[in-house]
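**Q** Sharing a structure, written as structure tokens. Questions coming.
The values are calculated or read from the model by the stated rules, or taken from the named source; none is laboratory data. Quick caveat: nothing in here was measured; it's all calculated off a predicted structure. A quick note on method: Cβ atoms are made from the backbone with ideal geometry, for glycine too, and the neighbour counts reach across all protein chains shown.
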Amino acid sequence: MPPASEKEAELTIYVDGSCQDNQNVTAKTPAAWGVVVVVGDNQRGMGTGAVQTEVSGLVVTDSEADGFLGAEVGSNNTAELSAIAHALRWLLEEAGDSDAIIRGDSQYALEIAQENWKAKANVELASRVQALWREVSKYRVLTGVWVRAHRGHRWNERADHLAFRAMQGENPLPLEFWKPGQR
């Protein structure tokens, strides 16, 4: 890796998942993920920095479908893990060699991704996320940080908005018209 002075600015990536009904979930339960990539975030929740990109989509539970990552059901946990997977894939494909912090409001998903906890369900999805985490970590310093949900943290709230709207089958509001807390 090049010296820190030659590296790009550190990236902060906010991830979140959303599920329509997180009880009695099945492969047909709608769930979605959202990812917000920010350059220059001060990590304090005030929404500093600039959004470099944002993406969102549905959790894919059909093993024959494009985008399948191993989720057996649509749930909040599979949505959170899928968000981390998509953030990691973005880092591999788009981010150069910038160090990155992935911030999410699911301690479960972050601990699974970093292999601190063992998955008891959706093992294939967890395994894929862990493999991606290991691969990304070969090229950059990668840190996972938990952030409290629904506490007005601008970029975490934006990731929540993206996930919720994708789960509803709706486009997200453009950033310039969106307010934190607005689903």
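**Q** Count, please, the residues in the range 107-163 that happen to be surrounded by 14 or more Cβ atoms within 10 Å (Cβ to Cβ), of a type in the set (A, V, I, L, M, F, W, C) and without any contact (Cβ under 8 Å) to a residue 40 or more places away in the chain.
**A** 5
**Q** Now for a different question. What residue, of Glu157, Glu124, is within 26 Å of Gln52 (Cβ to Cβ) and not aliphatic (A, V, I, L, M)?
**A** Glu157
**Q** Among Ala149, Ala163, which is the only one that is among the hydrophobic types (A, V, I, L, M, F, W, C), assigned to a loop (DSSP other than H, G, I, E, B) and closer than 13 Å to Val15 by Cα?
**A** Result: Ala149 is the single residue among Ala149, Ala163 that is among the hydrophobic types (A, V, I, L, M, F, W, C), assigned to a loop (DSSP other than H, G, I, E, B) and closer than 13 Å to Val15 by Cα.
**Q** Something else now. Considering each residue of the range 46-69, count those that are part of a loop (DSSP other than H, G, I, E, B) and more than 24 Å from Cys19 (Cβ to Cβ), and give that number.
**A** 4
**Q** Next question. What do you reckon, is Glu93 part of a loop (DSSP other than H, G, I, E, B) and free of Cβ contacts under 8 Å to residues at least 24 places away in the same chain? Explain how you work it out, then say what you get.
**A** Working: part of a loop (DSSP other than H, G, I, E, B): no; free of Cβ contacts under 8 Å to residues at least 24 places away in the same chain: yes.
It is false that Glu93 is part of a loop (DSSP other than H, G, I, E, B) and free of Cβ contacts under 8 Å to residues at least 24 places away in the same chain.
**Q** Of all residues in the range 96-106 being not in a strand (DSSP E or B) and not acidic (Asp, Glu), which is surrounded by the fewest Cβ atoms within 10 Å (Cβ to Cβ)?
**A** By that ranking, first place goes to Gly96.
**Q** What is the one condition in (1) closer than 21 Å to Ala31 by Cα; (2) surrounded by fewer than 22 Cβ atoms within 10 Å (Cβ to Cβ); (3) under 13 Å from the mean Cα position of the chain (by Cα) that Ala79 does not satisfy?
**A** (2)
**Q** Could you check the range 31-73 and list, in sequence order, the residues that are out of contact with any strand residue (DSSP E or B) (no Cβ under 7 Å at 6 or more places or on another chain), in contact (Cβ under 8 Å) with a residue 24 or more places away in the chain, at negative phi and not charged (D, E, K, R)?
**A** Met46, Thr61, Leu69, Ala71, Val73
**Q** Would you say Glu80 is without any contact (Cβ under 8 Å) to a residue 60 or more places away in the chain and not polar (S, T, N, Q)?
**A** On the way: without any contact (Cβ under 8 Å) to a residue 60 or more places away in the chain: no; not polar (S, T, N, Q): yes.
Here the answer is no, as Glu80 does not meet what is asked.
**Q** Test of understanding: among Ala131, Ala109, Ala85, which residue is modelled with pLDDT of 95 or more and touching an Asp or Glu at 6+ places or on another chain (Cβ under 9 Å)?
**A** It is Ala109.
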